[in-house]
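To start, the structure under review is shown below, and the notes come after it.
The values are calculated or read from the model by the stated rules, or taken from the named source; none is laboratory data. Owing to the predicted nature of the structure, the values given are computational and were not obtained by experimental measurement. Positions of Cβ are backbone-derived with ideal geometry, glycine not excepted, and every protein chain shown enters the neighbour counts.
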Amino acid sequence: MKSLLNNNKWSRIIIYYSIALISSFLFRYGLLKNPLGSGEFAGYIIGLLGAIGPFLGGLAMRYFQNPTAPKMSFTGLLTNKSFVLILVPALLFGIFGTTNDNALNSHLIGFLLGAYIAVYGILEETGWRGYLQEEFKELKPMLQYFIVALFWYAWHLTFLGETNLMNECVIFLILWASSIGIGIVAKKTQSIIIAACFHIIGNILAFSTEMSSSFSIKQE
């Protein structure tokens, strides 16, 4: 089994993507009951579990790649500076505070929300840029980014909800553009955490439902 995965790129990709998709189905569509009940904290945990698939799949399949080939690491070329940057959202959100439905301390909830999107970004980027993009590194960069965008778009499963063709095209184009931007950053820094930092920017400005419900457009 290990020999097969070491030598067969598409076997690794299929296993990785299966793990990633299963996580989406189970946690995004409520197929598993949340043991923590409802509330802000429980919502963050179940949200993170929705991104655990790319993280687990990415780590597992990186193990079966050529062990002598250079790979992205969590800190990359920026070493410990990466950790400083990933702390910024939690600190800023904690300072400014945010609204919540349970009348909890706005600064505490802001800090938790910032930590949530930071961890979420790392979980996703361990798979998409930390693993999958590396599988196509023999291709031209723009083709790499396009292929990753296709996998990334399908993983979001937006086409299963109330949507239309135009909406799905816009979502794909945004993810494709994001794949180019984050992909370039990942190549230059070799850092999963720095890729996650740029992933976070997109979540703050556009994609995260937690952000849109907690902050006004002006605050974002």
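General observations
- Wholly enclosed helices (runs of 4 or more DSSP H) of region 1-107 bearing at least 1 residues within 26 Å of Gln190 (Cβ to Cβ) and modelled with pLDDT under 85: 2-7, 9-28, 52-64
- Among the residues of region 166-180, some residue qualifies, meaning at least one is aliphatic (A, V, I, L, M) and in contact with a His (Cβ under 8 Å, 6 or more places away or on another chain).
- The sole residue among Val148, Val119, Val170, Val185 that is over 23 Å from Phe55 (Cα atoms), assigned to a helix (DSSP H, G or I) and either in contact with a helix residue (DSSP H, G or I) (Cβ under 7 Å, 6 or more places away or on another chain) or modelled with pLDDT under 95 (or both) is Val170.
Residue-by-condition table, conditions (1) in a helix (DSSP H, G or I); (2) in contact with a helix residue (DSSP H, G or I) (Cβ under 8 Å, 6 or more places away or on another chain); (3) modelled with pLDDT of 95 or more:
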site	(1), (2), (3)
Met142	yes, yes, yes
Gly181	yes, yes, yes
Gly202	yes, yes, no
Ser213	yes, no, no
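Listed here are the residues, each with its yes/no results for (1) touching a residue at least 24 places away in the same chain (Cβ under 8 Å); (2) surrounded by fewer than 18 Cβ atoms within 10 Å (Cβ to Cβ); (3) within 19 Å of Tyr16 (Cβ to Cβ).
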site: Gly94; (1), (2), (3): no, no, no
site: Leu108; (1), (2), (3): no, yes, no
site: Leu113; (1), (2), (3): yes, no, no
site: Glu124; (1), (2), (3): yes, no, yes
site: Tyr131; (1), (2), (3): yes, no, yes
site: Met142; (1), (2), (3): yes, yes, no
site: Ile147; (1), (2), (3): no, yes, yes
site: Leu150; (1), (2), (3): no, yes, yes
